[in-house]
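A.B. asks: Mind having a look at this structure? Questions to follow.
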């Protein structure tokens with residue numbers, strides 16, 4: 001609770017206490033009026049001042065003017081009739097209670113977002129003449145070496161040159177477990193170094209780094225309003241002047257008709273009804289609770305490491321029926337790993353040993369996967385005459401034996417009879433002194449939660465899940481079968497992906513059904529822009545993909561998409577509940593008020609009571625939990 005909230009809570013408690021105390025004070029006349037004015041002004045001075053400023057700036061028709069007219073009028077009626085000022089004070093008091101709940105809810109939601117704002121680094125450490133100098137991150141050039149000490153934020157994206165540490169990535173990704181990094185690992189800005197000292201070579205300028213992009217997304221999010229918010233804004237602009245003029249008509253027309261009919265004009269009765277009508281008609285419940293629901297939903301998503309660029313995208317997320325995934329880097333890790341070893345005549349360990357020795361001289365991703373699978377190849381073996389054969393592979397002398405590591409073309413060129421492999425992926429064949437020694441299967445690895453993500457999407461009402469990839473049909477089919485996707489389109493160029501998404505958009509079952517595309521590469525940017533809503537992988541995704549997307553999953557976990565849809569649907573359900581509840585109660589009470597069947601206490605419930613209930617309902621958006629991954 002901040003200082004302003006504490007101050008307002010004290011005002012509420014003091015005013016309520018004074019109102020109760022004055023009820024037992026035997027004062028009358030002007031003394032009673034002056035005494036009751038103390039709690040009234042204490043609780044309502046800011047509302048009265050806002051109403052006056054609205055009139056001065058020619059924007060009078062808002063809830064403050066309605067509250068001011070109604071309470072001042074109630075005070076005037078109390079002077080002329082029974083001296084009971086509690087109704088007027090109660091209207092202001094309960095209105096401020098509703099405002100306090102709204103402020104508290106916004107504060108709680110804002111905390112989830114400001115946790116992300118706090119990731120902004122204040123400085124970067126650069127080594128100068130043997131000592132560290134703090135400089136502005138904007139002044140650090142690409143390729144510079146920066147030092148990050150324990151407890152400091154990583155200011156700019158880069159690669160670890162020296163040192164190892166555990167990084168707290170919770171603010172960015174929502175992941176509570178620390179991430180361990182060491183030499184050669186990529187790190188992103190905004191993470192906190194929990195232990196150790198890291199030397200990092202920067203790979204981006206600060207303005208292009210992850211932390212800068214995230215902050216830019218957060219700042220822009222509030223400018224994108226949903227259809228529901230735009231409806232409420234337009235509704236309030238039209239609705240408020242209508243009810244003000246209706247109240248004026250209710251106060252003056254019936255008594256004038258009574259005068260014309262030569263009956264006693266009940267000015268006081270109809271003035272009281274008009275004031276009650278004004279209090280009931282105040283659109284606070286809608287004006288406050290609807291934006292609050294979206295704000296709380298965006299805050300809940302941010303807490304889970306999901307950045308939604310605006311409440312309009314949160315609304316579209318709730319309407320998704322088709323999800324189209326890119327494969328590499330989205331459903332899979334986008335890195336090659338050894339998945340199977342099929343030796344002939346020698347052991348699997350020896351086969352991998354020989355392949356890693358030969359491939360140590362190559363920089364190809366396939367070679368890196370072999371070296372990663374056998375990290376201890378720096379032994380006493382003698383390697384010489386290493387040579388790369390373009391389009392085929394590598395060969396070298398290992399302890400006097402000619403070892404060839406490559407594809408089927410290399411084996412055919414050497415006249416070596418090789419064995420085919422049923423596994424889908426990249427097959428590396430190995431021959432030693434012209435004799436076939438076996439093959440190694442290398443493939444892109446499926447992310448740990450991908451299969452669960454597909455299952456959860458279907459549980460959340462997604463009717464069609466589609467995978468698009470540039471990979472071969474055999475590889476695409478293997479991945480699709482493993483994770484449970486039936487609709488697969490392979491061997492696609494970037495422009496083919498756009499055409500496929502356009503076809504899916506044209507063939508939607510219903511006009512209001514929405515399509516989401518999820519991708520991570522620079523070649524996915526056109527498709528992300530074309531879909532109803534684009535979702536990008538934020539941690540390892542390209543800058544172009546993140547710029548083109550409407551939602552960013554900060555930890556690259558496809559399961560977070562199911563969480564985002566779950567949050568959006570819960571948020572929209574609460575918005576609709578509030579709209580129907582608020583309008584329904586108000587219409588009923590307005591009718592009762594017009595016929596004199598509602599007093600000021602019912603008006604207080606219809607206005608402030610409904611607002612408090614709607615705000616409390618909207619606050620449920622803050623407590624939406626993520627979908628937990630299966631162990």
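A.B. asks: When the stretch 359-385 is examined, which residues are found to be surrounded by 14 or more Cβ atoms within 10 Å (Cβ to Cβ) and at pLDDT 85 or above?
C.D. replies: none
A.B. asks: Looking at (1) in the same structural domain as residue 466 (by TED's automatic domain parsing); (2) at pLDDT below 85, which is the only condition residue 339 fails?
C.D. replies: It is condition (1) that residue 339 fails.
A.B. asks: In the stretch 484-520, which residues are surrounded by fewer than 22 Cβ atoms within 10 Å (Cβ to Cβ), touching a strand residue (DSSP E or B) at 6+ places or on another chain (Cβ under 7 Å) and farther than 22 Å from residue 319 by Cα?
C.D. replies: Within the stretch 484-520, 488, 489, 492 qualify.
A.B. asks: Given the criteria touching a strand residue (DSSP E or B) at 6+ places or on another chain (Cβ under 6 Å) and assigned to a helix (DSSP H, G or I), does residue 316 qualify?
C.D. replies: Criteria met by residue 316.
A.B. asks: Considering only the stretch 615-625, I want to know if a residue exists there that is within 14 Å of the chain's Cα centre (by Cα) and either in a loop (DSSP other than H, G, I, E, B) or farther than 30 Å from residue 309 by Cα (or both).
C.D. replies: Taking every residue of the stretch 615-625 in turn, at least one turns out to be within 14 Å of the chain's Cα centre (by Cα) and either in a loop (DSSP other than H, G, I, E, B) or farther than 30 Å from residue 309 by Cα (or both).
A.B. asks: When the stretch 1-55 is examined, which residues are found to be outside any helix (DSSP H, G or I) and either touching a residue at least 24 places away in the same chain (Cβ under 8 Å) or under 30 Å from residue 241 (Cβ atoms) (or both)?
C.D. replies: Within the stretch 1-55, 1, 2, 28 qualify.
A.B. asks: Whether any residue in the stretch 470-480 is over 26 Å from the mean Cα position of the chain (by Cα) and without any contact (Cβ under 8 Å) to a residue 12 or more places away in the chain is what I want to check.
C.D. replies: no
A.B. asks: Of the residues 195, 168, 136, which single one is in contact with a strand residue (DSSP E or B) (Cβ under 9 Å, 6 or more places away or on another chain) and modelled with pLDDT of 85 or more?
C.D. replies: On inspection, the qualifying residue turns out to be 136.
A.B. asks: With respect to residue 367, determine if the residue is without any contact (Cβ under 8 Å) to a residue 60 or more places away in the chain, part of a helix (DSSP H, G or I) and either more than 30 Å from residue 480 (Cβ to Cβ) or within 45 Å of the chain's Cα centre (by Cα) (or both).
C.D. replies: In short, yes.
A.B. asks: Within the set of pairs 6+ apart or on separate chains, which have a first residue in the stretch 598-616 that is in the same structural domain as residue 71 (by TED's automatic domain parsing), a second that is outside any helix (DSSP H, G or I) and buried (at least 22 other Cβ atoms within 10 Å of the Cβ), and C-beta atoms under 8 Å apart?
C.D. replies: Pairs that qualify, where the first residue is in the same structural domain as residue 71 (by TED's automatic domain parsing) and the partner is outside any helix (DSSP H, G or I) and buried (at least 22 other Cβ atoms within 10 Å of the Cβ), are 606/598; 607/282.
The values are calculated or read from the model by the stated rules, or taken from the named source; none is laboratory data. Just so it is clear, the structure is predicted and the values come from calculations on it, not from any experiment. Glycine also receives a Cβ, built like all others from the backbone with ideal geometry; neighbour counts cover every protein chain displayed.
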